[in-house]
1. Touching a strand residue (DSSP E or B) at 6+ places or on another chain (Cβ under 8 Å) and crowded, with 18+ Cβ neighbours inside 10 Å: does that describe Thr552?
2. Filter the stretch 447-469 down to the residues that are of a type in the set (S, T, N, Q) and either over 13 Å from Glu104 (Cα atoms) or in contact with a His (Cβ under 9 Å, 6 or more places away or on another chain) (or both), then identify the one that is modelled with the lowest pLDDT.
3. In the set Asp55, Asp94, Asp47, which member is within 27 Å of Leu464 (Cβ to Cβ) and either surrounded by fewer than 16 Cβ atoms within 10 Å (Cβ to Cβ) or at pLDDT 95 or above (or both)?
4. Does the stretch 303-328 hold any residues that are more than 10 Å from Trp277 (Cα to Cα) and more than 24 Å from the chain's Cα centre (by Cα), and which are they?
5. Which one is nearest to Leu527 (Cα to Cα) among residues in the stretch 483-493 that are at pLDDT 95 or above and either assigned to a loop (DSSP other than H, G, I, E, B) or in contact with a strand residue (DSSP E or B) (Cβ under 7 Å, 6 or more places away or on another chain) (or both)?
6. If you go through the stretch 311-318 one residue at a time, do you hit one that is assigned to a strand (DSSP E or B), surrounded by 15 or more Cβ atoms within 10 Å (Cβ to Cβ) and in contact with a helix residue (DSSP H, G or I) (Cβ under 8 Å, 6 or more places away or on another chain)?
7. Would you be able to tell me the number of residues in the stretch 502-519 that are assigned to a helix (DSSP H, G or I) and surrounded by fewer than 24 Cβ atoms within 10 Å (Cβ to Cβ)?
8. Determine which member of the set Asn125, Asn110 is touching a strand residue (DSSP E or B) at 6+ places or on another chain (Cβ under 8 Å), within 30 Å of Lys21 (Cα to Cα) and modelled with pLDDT under 95.
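The values are calculated or read from the model by the stated rules, or taken from the named source; none is laboratory data. As the structure is a computational prediction, the values presented were derived from the model and not from experiment. All Cβ positions, even for glycine, are placed from backbone atoms using ideal geometry, and neighbour counts span all protein chains on display.
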Amino acid sequence: MIELEKLQVFIGIGESAFTMKRGSFQYKETIHKKEQLHLLKMEEDEDGVLLQYGDAQGKLCAVFHANRQGDKLTLECTNAPTEVNRYWLSFPADPQEKIYGCTESYAKLNLKNEKVRIWVAEHQNAKRITKKILKNTFFGKHPDHTLPFDQYESYYTQPTYVSSNCFYVHAFTTGYAEFDFTEPDKTTLFFTEQPSLQIEEASSFAQLSVKLSTLLGRQKELPDWLYDGVILGIQQGTPVVDARIKEALNNGIKVNGVWCQDWSGCRKTKFGYQVMWNWEVDEELYPDLKEKIAAWRKQGIRFLGYINPFLAIEKNLYQEAHANGYCVKDIHGEDYLVTITTFPAAMIDFTNPDAYAWYKEKIQTNMIDLGMSGWMADFGEYLPTDAVLYNQQDPMQVHNTWPALWAKLNQEAIAERGKQDEIFFFTRAGYTGTIAASPMMWTGDQHVDWSKDDGIPSVIPASLSLSMMGCGISHSDIGGYTTIMNMTRGEELLMRWEEMNAFSPLMRCHEGNQPIKNVQYNSSPELLNHLRLCTNMHVCLKDYLKQCVQETAEQGIPVMRPLFYHYNEAPAYTEESEYLLGRDLLCAPVLKEKATQRSVYLPKDTWIHVWSGKEYTGGTFLVDALLGQPPVFLRKASDAAPAVLQSLKQAVEER
């Protein structure tokens, strides 16, 4: 908790310059003036404590108000010169503490010694692609190679962090900010607007999650059908979907859904097979889709689609939006066209009430009324800082909030149709407000490889950093998404990813952006059998997973948790290749190619290796990890242990 007497305040005047390319932002900050203030006076009032800060001459320059109630402290700048637009707050920090949150971090979980940009952006960005990266990462020669942290961006950032000393700090800000943990004994928070903070401590991380989610909101429980199988990612039209469903069922795979992201059509680009961003059924690919969705549903198979905040400029929905002035504008009053991969697109202006309502109606009419049971609500990171918005707000202050607006629109579309218990969507981008609106995140566009910063290993720190920001329900694309250059997905990677996602809230396949180049779940009899095995594992965890999700909905406690969440041991605070699934399952996915064993750290407890039945009582062990038997351990003291152990063993025996 911050000691108010030790708070250091700096104010200044500066300006920012942003340039965006395909969702990646180059940021340049120019500081014209920066001045340290001194505490002139500190006095109690009826609402808390007033802190008055002045310059070296003793002139009053800023007033802060602090209020402490039990374990919670709020701190707000209530007065400062109008010309001031830069603020730095510094306070003492524990050199031994670990820092989590702030951003969906892929290459590392603990952010102590790093400076974090609080700015939503496209994670896969052009500026990172160098010859060295192509050699070391994209061609898989050095999968453990990572970049300096300041070269990473993230789909989901939030001005919230959690300390290993069991307190959180959340800033009520929407503009660009930086959280600086590079000095061992000091934390510095930088803001481009008057700062307002809430700090709260707790006796346990579970209690801290309850408190943080009381502030930020909680995700809702998921529809029951989601736990009953795997959602197959399928494209290229109704005949292909029918054939794939039949093939999967004939191979004993429990299928609860098909996800056809190209339901609205496709375009083939240099990047790959991409969705046509015109949110109505492509009758050529999917004739009589409403009737087909109803027929598939009778088989217990739901239909899922795809949507994002953009419109293809060559299609009819854009023409309608353009005619009504529904798109974000540029400084010349024209529709702002943004290049995503290889083509330009327009974006709907969510600050325009009519445009917001129009887009929501398209979701309701063209997706919900069609019979969809869910969809990927993609993107949200791309609002340019030089855009002109309908409500005349500064896009610098709106950019970060765009993903939350996008999630809220989808949430309202479902609620207004009364389908909250039946339909869900999942989002990629996020900021403050997303947690209360989005039922599930997915960890974005991982590479189809073993690389630490972008491949299968990156899913775990990404999921755990989300959980420590308060986002407790997430999953990943099975097999990854992004193929660049000669990168391809092999059978082993796909099978290991299936194993990992079997022990997560949702199993969903993805063909990737280059389906022809990549192995798919049905590329061989062995792959079909492996998917059947992993799906059985997932389905047998239904009751356990539902209980975990219920904890998230009611208390904000995440489904996937870092090991330190329940174990106060030094290694637990830095472990980022394992996770707890709920309280009782410890999962250590295989993250290296050709591995048949892996080293597993087990906190002090009694753990049962689910495949051998062998008991461990804490320590680091080399464990067998054959395909189909990922290292998973069950806490012996769990009430659910006998039932979970029996069902997992049965799932394996059915192979």
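1. Working: touching a strand residue (DSSP E or B) at 6+ places or on another chain (Cβ under 8 Å): no; crowded, with 18+ Cβ neighbours inside 10 Å: yes.
Considered against the rule, which asks whether it is touching a strand residue (DSSP E or B) at 6+ places or on another chain (Cβ under 8 Å) and crowded, with 18+ Cβ neighbours inside 10 Å, Thr552 comes out as no.
2. Once the filter is applied, the top-ranked residue is Ser451.
3. Values: Asp55 fails: within 27 Å of Leu464 (Cβ to Cβ); Asp47 fails: within 27 Å of Leu464 (Cβ to Cβ).
From the options Asp55, Asp94, Asp47, the qualifying one is Asp94.
4. Going through the stretch 303-328, the residues more than 10 Å from Trp277 (Cα to Cα) turn out to be 303-305, 316, 319-328.
Result: Asn316, Gln319, Glu320, Ala321, His322, Ala323, Asn324, Gly325, Tyr326, Cys327, Val328.
5. Filtering the stretch 483-493 for residues at pLDDT 95 or above gives 489-493.
Those left that are additionally either assigned to a loop (DSSP other than H, G, I, E, B) or in contact with a strand residue (DSSP E or B) (Cβ under 7 Å, 6 or more places away or on another chain) (or both): 489-490.
Numbers: Arg489: 13, Gly490: 11 Å.
Looking at the filtered set, the residue picked out is Gly490.
6. So in the stretch 311-318, the residues assigned to a strand (DSSP E or B) come out as 311-312.
Next, from what is left, pick out any that are surrounded by 15 or more Cβ atoms within 10 Å (Cβ to Cβ): 311-312.
Subset that is in contact with a helix residue (DSSP H, G or I) (Cβ under 8 Å, 6 or more places away or on another chain): 311-312.
Checking the stretch 311-318: at least one residue is assigned to a strand (DSSP E or B), surrounded by 15 or more Cβ atoms within 10 Å (Cβ to Cβ) and in contact with a helix residue (DSSP H, G or I) (Cβ under 8 Å, 6 or more places away or on another chain).
7. The first filter runs over the stretch 502-519 and keeps only residues assigned to a helix (DSSP H, G or I), leaving 502, 515-517.
Next, from what is left, pick out any that are surrounded by fewer than 24 Cβ atoms within 10 Å (Cβ to Cβ): 515-517.
Residues that pass the stated criteria total 3.
8. Values: Asn110 fails: modelled with pLDDT under 95.
Going through Asn125, Asn110 in turn, the sole match is Asn125.
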